[in-house]
Every structure is written in structure tokens, then in C-alpha cells.
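Data first, discussion second: the structure below is written as C-alpha cells.
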Amino acid sequence: MTTTTTTARTLGSDLEALESEAVHIFREVAGEFDRPVILFSGGKDSAVLVRLAVKAFWPMPVPFPLLHVDTGHNLPEVLEFRDRFVAEHGLRLEVAHVQDWIDDGRLTERAD
């Protein structure tokens, strides 16, 4: 067996262990908390988390929504990706618009 093959096997088993642990954590969260969400920016890190959540509950749907905190500074392509990703995976999405919170006084901007 070559060193490359050994390294690939070790990496593969390490990734499988990490994936298994992540799936376990998602299932624990679903069982322990009343209103969990997955923060979802549309970036690579949150996309990986959602893929793990989909895997954790397959073939059932993910039992909690995604939460996107919309700062108003997103590129249109990011919002398009977000909406397409949510639709493709049958997910629920909640969007919190920062500007709405500023407008109704729930959030105030700091001078700095």
C-alpha cells in the first residue's frame, strides 16, 4: 500500500467520523431544544451545515428552519442562490431584515 493510499484512507475515515458526529449533534439539537434554527448566510460554511442537517434527518425533512439575517448588503446572486438552495432541499427559510428592526426601534445603530 502506498503512502498516498494510506493518507487517503485516513483522511476518509477522519471525515466520516466528523460527519457522523455532526449528524449526531443535529439530532440531539432537534430533540433537546424548542426552537432551533440554522443560521444561513448562503456561504460555503452554512451550506455545508445545511447539507449535514439534510443528511441527519433523511428521508424526513429538516425539522427546523434556516434563518438568514439580511443586512441589506447582499449581492443579488447570493439571495438567488439562497432561495434556490432552500427550494431544492425542501427547507423552511425565515429572513430577518436588519433594516426592519432599525425602523421599528428594536435595534439602534451605534455612533461608532
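Only the coordinates and a few stated rules stand behind these numbers; no lab work does. The model shown is predicted, which means the values in this text are computed figures rather than measured ones. In this analysis, Cβ positions are derived from the backbone assuming ideal geometry, glycine residues included, and neighbour counts consider all displayed protein chains.
Couple of notes before you dig in:
- The chain, Cα convex hull volume normalised per residue, Å³: 176 Å³
- Across the chain, the relative contact order, built from alpha-carbon pairs under 8 Å that are at least six residues apart, equals 22 percent.
- Considering helices alone, the calculated mean residue ellipticity of the chain at 222 nm is -18500 deg cm²/dmol, with DSSP H runs of length four and up weighted by -39500 (n - 2.57) and normalised per residue.
- The simple spin-label model puts a point 7 Å past each Cα toward its Cβ; for Ser13 and Arg51 those points are separated by 2.3 nm.
- Angle in degrees between helix 3-32 and the longest Cα principal axis of the chain, rounded to the nearest 10: 40 degrees
- Just so you know, the Rg over Rh for segment 16-61 is 0.96, from Cα atoms, with Rh as the Kirkwood radius.
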